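Readers should treat all values here as calculations from the given coordinates under stated rules, not as data from a laboratory. Owing to the predicted nature of the structure, the values given are computational and were not obtained by experimental measurement.
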Amino acid sequence: LLLALADGTRGKRTIDEVSLTDALAMGVGQAIALQPGVSRSGVTITVGRFAGLSRDGAARFAFLMSLPITAGAVIFKWFDVQGEGGVPSEYLAPFAWGIVASGITGYIAVWGTLKLIRTRSFAPFVLYRLVVGVSILMVLATTLR
């Protein structure tokens, strides 16, 4: 709901106009995403929109902010795997292809999302989050689990 409210703002600033204050506020937003069920990119984009960034500027900066987190996770996992003896030689090729496939699909997802939000609002994302959230609450409140 906050994303829907933020999306109603008339932010026009581009990614080139992000200030240190904007970046820090969006970083705090990312920290909120440590709570289960909070979308990292969603909360970061929401803060960016409230800060006056355009849809494109907020989304681009939010995606750029994911790079250090992703790199840190890769490094952490690399040392974790190395501590367990490394990737077995018979799995090196599938492991490498998995990394390549992940990079390609991630690029396509970011490209598609940016293309979509340049011409449309965040309403589909807000609706999706509301439907999933209500569905989860209904499952938890009933004997369906």
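Which entry in (i) 25; (ii) 35; (iii) 40 matches percent of Cα pairs over 26 Å apart derived from the coordinates of this structure? Label (iii) holds the value from this structure. Quote to one decimal, in nm, the extra length available between ILE108 and LEU64 on full extension: 0.36 nm per residue of separation minus the C-alpha distance between them. Between ILE108 and LEU64, full extension yields an extra 14.4 nm.
Separation of the range 106-145 from the range 76-96 is 33 Å, based on Cα centroids.
To the nearest 500 deg cm²/dmol, what mean residue ellipticity at 222 nm is calculated for the chain from DSSP H runs of n ≥ 4 alone, each contributing -39,500 (n - 2.57), summed and divided by the residues? Helices in the chain give a 222 nm mean residue ellipticity of -24500 deg cm²/dmol.
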